[in-house]
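Colleague: Okay, handing you the structure first.
The values are calculated or read from the model by the stated rules, or taken from the named source; none is laboratory data. Computed from a prediction, not measured in an experiment: that's the story for all the values here. Counting neighbours? That spans all protein chains shown, and the Cβs are built from the backbone with ideal geometry, glycine included. Ligands, DNA and RNA are stripped out before the accessible areas are found, and what is left, the full protein with its side chains, is counted by its heavy atoms. Shrake-Rupley method; radii C 1.70, N 1.55, O 1.52, S 1.80 Å.
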Amino acid sequence: MEPDYLRYSCQVALPGFGNKAQQLLQQAKVLIVGAGGLGCPAAQYLAAAGLGTLGIADYDTISIGNLHRQILYTPNDIGSKKAVIAAERLQQQNPGIKVIAHDIRITSYNVLDFIGQYDIIVDATDNFDTRYLLNDAAILSRKPVVYGAIYQFEGQLAVWNITNPDGSQTPNYRDLFPQVDAAQIPGCADGGVIPTLAGIIGCMQANEVIKYITKTGELLAGKVLILDALTLQSRIIKLGNTTKTNITGLVETVVIPTMSVDEVKKGLANNTLELVDIRTDQERDVVDIGGVHIEADELEENMEYMNNGKTKVLYCSSGKRSGEAVKRIKQLLPNAQLFSLDGGLKAWFEHDF
C-alpha cells in the first residue's frame with residue numbers, strides 16, 4: 001500500500017469522503033492567523049489530515065504563561081517565535097505537507113496580499129484590531145473565515161463570508177459585533193481561560209475547514225455556536241443568510257507606542273515616567289506594582305492629567321487593554337506622552353524568570 005493511503009485510510013474510508021475529498025485537502029491552502037491556544041490544536045489536526053499547504057502567521061514569542069493551553073510548545077521554547085516553532089513541529093508531524101511560517105505582523109498594508117495566497121483563513125487571533133482587519137480584508141477578497149474565540153469557560157465558533165448561490169455573502173464578524181471598545185474587554189490573561197476549551201474550539205475550527213474544503217456536511221455559516229465548558233451545553237444563534245455589512249476599504253493600522261519592562265524599570269529608577277494602572281479595583285487587589293490607578297472607563301475623565309507633559313506608561317494584565325487605551329487617548333491628545341507596557345503584568349513578572 002502507498003504510504004499516503006495508509007496514513008489517511010481512516011478518513012478516506014468515511015462515507016461520502018473517499019479519495020476525492022482527500023485530494024481536495026492535498027490541493028488546499030489554509031492560513032491560520034494566531035499560533036496560540038486556538039491555532040495550535042487547529043493546526044495540528046489540519047496537518048495530520050494531510051492539508052496541502054498550511055500557513056502559520058504569528059509575530060509573538062512563547063512565554064511560560066502560554067504553555068498551559070498552547071500545546072505545540074515546551075518550556076525549552078520560551079522566548080522563541082511562535083510561528084517558527086509551530087511550523088517546525090507541524091512539519092515533523094507530517095513531512096508530506098508544506099508548512100510555511102509567517103513571522104510577521106499583519107497590518108492594513110500587507111493583509112490583502114497576504115491572504116490572497118490562501119483559500120480559507122482561520123481566525124485564531126486574540127486581539128480585536130487583527131480580528132476586524134482579517135474580517136474586512138476577507139470580505140474585500142471574498143475569502144471565507146473560520147472564527148473562534150474563548151474566554152473563561154465560554155467558546156464561540158462561526159464560519160464567515162461564504163458565497164451564496166446568488167453571489168451574496170453570508171454574515172461576517174461585523175454583523176455580530178459591529179464595533180467594540182477593546183479597552184473595556186479583558187482577555188485570557190486578565191479573566192482566565194480553561195485550557196481544554198482552547199482544544200475544543202480549535203479542533204472545531206479545523207473541522208469546519210475540512211468540511212469547507214471537502215464539501216461535506218453543513219457549514220456553520222450564518223450562525224454562531226456558543227459553548228459553555230462548565231455544563232457542556234451549547235446553543236446556536238442564527239444571524240441570517242446574507243451580510244448587512246458594507247466594507248469599501250480597510251481601517252489603517254495604528255502603531256501603538258509601547259515600552260518594554262526594561263525601559264519602564266529604568267524610567268522608574270530615574271523618575272522620568274509614571275505608571276498608570278487601568279485595571280479594575282478587583283484586579284488591583286490581587287496584584288499591584290504601583291502607580292496611579294485610573295480604570296479604563298474613567299480615562300477620558302482624566303484628560304488633563306494624561307496630557308500634563310509627563311511621560312506615562314499605562315498597564316493591564318496582558319498589554320492589550322492598555323494598548324487600546326493608549327490608542328484611543330492618542331487620537332484625542334496626539335501630543336500626550338503615553339505608552340503601553342509591552343506584554344503587561346505578564347511580561348513584568350516573567351522578566352526575571
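Colleague: So which residues in the range 233-289 are assigned to a strand (DSSP E or B) and open to solvent by 40 Å² or more (accessible area, probe 1.4 Å)?
Modeller: Correct list: GLN233, SER234, ARG235, ILE236, ILE237, LYS238, THR258, GLU274.
Colleague: Hey, another quick one. Within the range 62-112, how many residues are of a type outside the set (A, V, I, L, M, F, W, C) and open to solvent by 50 Å² or more (accessible area, probe 1.4 Å)?
Modeller: Residues in the range 62-112 being of a type outside the set (A, V, I, L, M, F, W, C) and open to solvent by 50 Å² or more (accessible area, probe 1.4 Å): 17 in total.
Colleague: Within the range 285-292, is there a residue that is touching a Phe, Trp or Tyr at 6+ places or on another chain (Cβ under 7 Å) and either closer than 22 Å to ASP60 by Cβ or touching a residue at least 60 places away in the same chain (Cβ under 8 Å) (or both)?
Modeller: Among the residues of the range 285-292, not one is touching a Phe, Trp or Tyr at 6+ places or on another chain (Cβ under 7 Å) and either closer than 22 Å to ASP60 by Cβ or touching a residue at least 60 places away in the same chain (Cβ under 8 Å) (or both), which makes the answer no.
Colleague: When only residues in the range 190-217 that are part of a loop (DSSP other than H, G, I, E, B) and touching a strand residue (DSSP E or B) at 6+ places or on another chain (Cβ under 9 Å) count, which is least open to solvent (accessible area, probe 1.4 Å)?
Modeller: GLY192
Colleague: Something else now. Of the residues LEU220, LEU230, which is in contact (Cβ under 8 Å) with a residue 60 or more places away in the chain and open to solvent by 30 Å² or more (accessible area, probe 1.4 Å)?
Modeller: Among LEU220, LEU230, only LEU230 is in contact (Cβ under 8 Å) with a residue 60 or more places away in the chain and open to solvent by 30 Å² or more (accessible area, probe 1.4 Å).
Colleague: For the range 2-61, how many residues meet the condition of being among the aliphatic types (A, V, I, L, M) and either open to solvent by 20 Å² or more (accessible area, probe 1.4 Å) or on the phi > 0 side of the Ramachandran plot (or both)?
Modeller: Selection size over the range 2-61: 6.
Colleague: Could you grab me the full set of residues in the range 290-317 that are outside any loop (DSSP other than H, G, I, E, B) and open to solvent by less than 70 Å² (accessible area, probe 1.4 Å)?
Modeller: Answer for the range 290-317, where residues must be outside any loop (DSSP other than H, G, I, E, B) and open to solvent by less than 70 Å² (accessible area, probe 1.4 Å): VAL292, HIS293, ALA296, LEU299, ASN302, MET303, TYR305, MET306, LYS312, VAL313, LEU314, TYR315.
Colleague: In the range 48-72, what residues are in a strand (DSSP E or B) and either modelled with pLDDT under 95 or of a type in the set (Lys, Arg) (or both)?
Modeller: Across the range 48-72, the qualifying residue is only THR61.
Colleague: Could you list, in sequence order, all residues of the range 146-169 that are open to solvent by 20 Å² or more (accessible area, probe 1.4 Å) and outside any strand (DSSP E or B)?
Modeller: Within the range 146-169, PHE153, ILE162, ASN164, PRO165, ASP166, GLY167, SER168 meet the criteria.
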